[in-house]
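Okay, so here's the structure we're looking at.
The values are calculated or read from the model by the stated rules, or taken from the named source; none is laboratory data. What you see is a predicted model, and the numbers here were worked out from it, not measured in a lab. Virtual Cβ from ideal backbone geometry, glycine too; neighbours counted across all protein chains shown. The accessibility values were calculated without ligands, DNA or RNA, using every heavy atom of the protein model including side chains. Shrake-Rupley method; radii C 1.70, N 1.55, O 1.52, S 1.80 Å.
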Amino acid sequence: MAPLRKYPVGIQSFESIRMDGYLYVDKTPLVYKMITEGKPYFLSRPRRFGKSLLCSTLEAVFQGRRELFEAFTTEDGIEQPQLFIATTDWKWQKHPVLRFDFSKTKNYTVEVLSELIESILSRYEREYSIPSQYSDFGIRFSAVVEEAHRQTGRRVVVIVDEYDAFMLHNIGDTEVENGVRTLFSTLFSPLKSLDDHLQLVFITGISKFSQMGIFSTLNNLKNISMATDYEALCGITEQELTTLLQPDIELLAKKQGETYDETFAELKRMYDGYHFGKSMTDIYNPFSLFNAFSNGDISDYWFDSATPSAVIDMLSQMPPLELTDIDGVACSAEDFDVPFNSYSKPMPVLYQSGFLTIKDYRKLRRTYTLGLPNAEVRRSFSNSLYQYIAVWRGADKTKNALLEAYYDFYESDDLPPFIEAMRTFFSGIPYYLNGKGERHYHAILYTLLTAFGADISAEEPSAKGRADIILKMPGGIYVIEIKYDDTAEAALRQIEQRGYADRYRLDGRPVTKVGIAFSSEERNITEWKSIPQKG
């Protein structure tokens, strides 16, 4: 079956999307609001969320290319609808646009950055017939802005895309970090003094600009990264998905032999869950969503394409990070201002990289609760964490055996074989990596089940405490408590006394309490017991 329409997978040019007949989710209502209400902006979003496309859209607006925003028919006969901004009183005046894109390279050295800046400045110097008589990037940048304003009679638009790409690929390399910071500070330090010549300044990146020390002189930037009005500036909202993209869901459902509701539920489970502000607007990952529509397959797309290896490497240099430490952690607004390469606080790094998102905001306490956004990220990220847990020979083999046992458990609802597979898995861990206490076994089990794609939660609160693991399967809910150098009976008794299972009585699925006992001497499961929850 041919696709209903063309999806812009990996296409970041607004002109190409419109002229070549690709689907464009209209973000121009927010673009119009932004360009008519302010001047210097900063936006932080994870990779593959449409920041570069937004930059390209802004560039087309300020180049006065109204024809791209009106309704028209492409050469291939595809009808492109009129976009919101074309219905407004926007004047469509042509402004000089200086765009700096620091994402399009595979070599993130100081030398390459210097060459890239030199190339961009030289291009604009040729455009405005400015002799390259200075070596200082800041002086040359100022000259381009001032001359572009003088020649055209219109103020200049400066767009900086992925300003932090070079920093993120060199986390931990102090020499390179300092070199990159010096180049950027030199280049953009004149921005504030050029205010009379500027119509708009728009800077995007993953990390908050205050963390990098690059724009320290540009303290008038308006950070809209967590602003309620701009939560939906990048990504797909649920309203956009269920209206504009409803036909695409219907087509995908037919391809998969499912109902519309089943397919929508799976899309939500896999790609929804991002929140970028206090109003908690649901945002879907656009890269994964369009890949799913284009391929006719709901699968993992974002993690492999968007994960900077430096972030994972940085996590490996921290004290052991466990999934239960980060899923549901509370942060204040100040926590997001720690340096990006601070190994003591990984939460801002994980949030801005897209591994964590806002799950709740408490207005009175002014705290954010962060958590993994969706099934795609949960499975992929936990798999990466597992690589740092499972460093022993044969780890992948035992993991695969446990995965097969989990699938059998998922289909049959037969618990004993799965427990035995767990016992086999833990027996393969060398003694010097095992026996670290209850929390260690809890973390490994939780990480593995998450990597398998299980519907699982850890430390879920009840009136009298927190259950270790809640595992939800098609055939039932399993409330699991782990004990170390104690008995399975003691674990069951804790589940009962603290009412961990009570909240699931009305779920409709049978609830089973599971107590698992680990021994420091055997470094493995010594006994386990399960009892059904009485209705």
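All conditions in (1) crowded, with 19+ Cβ neighbours inside 10 Å; (2) of a type in the set (D, E, K, R); (3) touching a Cys at 6+ places or on another chain (Cβ under 8 Å) hold for R47, with the sole exception of (3).
Conditions tested, residue by residue: (1) in a helix (DSSP H, G or I); (2) crowded, with 20+ Cβ neighbours inside 10 Å; (3) modelled with pLDDT of 85 or more.
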| site | (1), (2), (3) |
| --- | --- |
| I358 | no, yes, yes |
| Y361 | no, no, yes |
| Y368 | no, yes, yes |
| P373 | no, yes, yes |
| D396 | yes, no, no |
| N400 | yes, no, no |
| L403 | yes, no, yes |
| E420 | yes, no, yes |
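Does at least one position in the stretch 155-173 carry a residue that is open to solvent by 30 Å² or more (accessible area, probe 1.4 Å) and modelled with pLDDT of 95 or more? The answer is yes; a qualifying residue exists.
Where residues in the stretch 16-25 are open to solvent by less than 50 Å² (accessible area, probe 1.4 Å) and part of a loop (DSSP other than H, G, I, E, B), which of them is farthest from V201 (Cα to Cα)? Filtering the stretch 16-25 for residues that are open to solvent by less than 50 Å² (accessible area, probe 1.4 Å) and part of a loop (DSSP other than H, G, I, E, B), the one farthest from V201 (Cα to Cα) comes out as G21.
Exactly one residue out of S122, S142 is open to solvent by less than 60 Å² (accessible area, probe 1.4 Å), assigned to a helix (DSSP H, G or I) and touching a Pro at 6+ places or on another chain (Cβ under 8 Å): that is S142.
Of the residues I495, I525, which single one is β-branched (V, I, T), touching a helix residue (DSSP H, G or I) at 6+ places or on another chain (Cβ under 9 Å) and either within 20 Å of P416 (Cα to Cα) or at pLDDT 90 or above (or both)? One residue alone meets the criteria, I525. Just to verify a result, which residue in the stretch 153-182, among those that are part of a loop (DSSP other than H, G, I, E, B) and of a type in the set (D, E, K, R), is farthest from L58 (Cα to Cα)? Once the filter is applied, the top-ranked residue is D173. Contact annotation: residue pairs with Cβ atoms under 8 Å, 6 or more positions apart or on different chains, pairing a residue in the stretch 15-34 that is touching a residue at least 60 places away in the same chain (Cβ under 8 Å) with a partner that is assigned to a strand (DSSP E or B) and β-branched (V, I, T), are V25/I236.
Table: residues versus (1) out of contact with any Asp or Glu (no Cβ under 7 Å at 6 or more places or on another chain); (2) at pLDDT 95 or above; (3) part of a helix (DSSP H, G or I); (4) under 16 Å from Y7 (Cα atoms).
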| position | (1), (2), (3), (4) |
| --- | --- |
| D248 | yes, yes, yes, yes |
| L252 | yes, yes, yes, yes |
| K255 | yes, no, yes, no |
| D261 | yes, yes, yes, no |
| K268 | yes, yes, yes, no |
| F276 | no, no, no, no |
| A292 | yes, yes, yes, yes |
| S305 | yes, no, yes, no |
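Given the criteria in contact with an Asp or Glu (Cβ under 6 Å, 6 or more places away or on another chain), assigned to a loop (DSSP other than H, G, I, E, B) and open to solvent by 20 Å² or more (accessible area, probe 1.4 Å), does Q82 qualify? Against the criterion (in contact with an Asp or Glu (Cβ under 6 Å, 6 or more places away or on another chain), assigned to a loop (DSSP other than H, G, I, E, B) and open to solvent by 20 Å² or more (accessible area, probe 1.4 Å)), Q82 qualifies. Residues that are in contact (Cβ under 8 Å) with a residue 12 or more places away in the chain and assigned to a loop (DSSP other than H, G, I, E, B) within the stretch 483-520 comprise D485, D486, T487, R498, G499, Y500, A501, R505, D507, R509, P510, S520, listed in sequence order.
Which one is farthest from S353 (Cα to Cα) among residues in the stretch 151-182 that are in contact (Cβ under 8 Å) with a residue 12 or more places away in the chain and among the small types (G, A, S)? Steps first, please.
Pass one, the stretch 151-182, residues in contact (Cβ under 8 Å) with a residue 12 or more places away in the chain: 151-152, 154-172, 176-177, 179-181.
With among the small types (G, A, S) added as a condition, the list becomes 165, 172, 179.
Working: A165: 12, G172: 16, G179: 23 Å.
Checked the stretch 151-182; the qualifying residue farthest from S353 (Cα to Cα) is G179.
Name every residue in the stretch 328-355 that is of a type outside the set (S, T, Y), open to solvent by less than 30 Å² (accessible area, probe 1.4 Å), part of a loop (DSSP other than H, G, I, E, B) and at pLDDT 75 or above, in order of residue number. Listed by number, the residues that qualify are G354, F355.
Can you go through T228, T242 and tell me which one is within 30 Å of L43 (Cα to Cα), at pLDDT 95 or above and surrounded by fewer than 19 Cβ atoms within 10 Å (Cβ to Cβ)?
On the way: T228 fails: at pLDDT 95 or above.
Just one listed residue meets the conditions, T242.
Residue-by-condition table, conditions (1) modelled with pLDDT under 90; (2) open to solvent by 10 Å² or more (accessible area, probe 1.4 Å); (3) closer than 21 Å to S427 by Cβ; (4) among the polar types (S, T, N, Q):
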{"position": "E460", "(1), (2), (3), (4)": "yes, yes, no, no"}
{"position": "L471", "(1), (2), (3), (4)": "no, no, no, no"}
{"position": "V479", "(1), (2), (3), (4)": "no, no, no, no"}
{"position": "D486", "(1), (2), (3), (4)": "no, yes, yes, no"}
{"position": "E489", "(1), (2), (3), (4)": "no, yes, no, no"}
{"position": "G508", "(1), (2), (3), (4)": "yes, yes, no, no"}
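Residues of the stretch 150-204 that are within 24 Å of S135 (Cβ to Cβ), of a type in the set (S, T, Y) and in contact with a strand residue (DSSP E or B) (Cβ under 9 Å, 6 or more places away or on another chain): Y163 alone. Kindly indicate whether any position in the stretch 46-67 is within 26 Å of T242 (Cα to Cα), of a type in the set (S, T, Y) and not in a helix (DSSP H, G or I). No: zero hits.
Looking at G38, G50, which is the one that is on the phi > 0 side of the Ramachandran plot and touching a residue at least 12 places away in the same chain (Cβ under 8 Å)? Explain how you work it out, then say what you get.
Working: G38 fails: on the phi > 0 side of the Ramachandran plot.
Just one listed residue meets the conditions, G50.
Taking the criterion of being at pLDDT 85 or above and open to solvent by 50 Å² or more (accessible area, probe 1.4 Å), the residues of the stretch 200-225 that qualify are K222, N223.
In this structure, is H149 assigned to a helix (DSSP H, G or I), farther than 18 Å from S185 by Cα and either open to solvent by less than 70 Å² (accessible area, probe 1.4 Å) or charged (D, E, K, R) (or both)? Considered against the rule, which asks whether it is assigned to a helix (DSSP H, G or I), farther than 18 Å from S185 by Cα and either open to solvent by less than 70 Å² (accessible area, probe 1.4 Å) or charged (D, E, K, R) (or both), H149 comes out as yes.
All of I117, I130 fail the test of being crowded, with 18+ Cβ neighbours inside 10 Å, in contact with a Leu (Cβ under 7 Å, 6 or more places away or on another chain), touching a residue at least 12 places away in the same chain (Cβ under 8 Å) and not small (G, A, S), apart from I117.
Of S193, S122, S135, which residue is within 23 Å of Y41 (Cβ to Cβ) and of a type in the set (S, T, Y)? Can you show your working first?
On the way: S122 fails: within 23 Å of Y41 (Cβ to Cβ); S135 fails: within 23 Å of Y41 (Cβ to Cβ).
It is S193.
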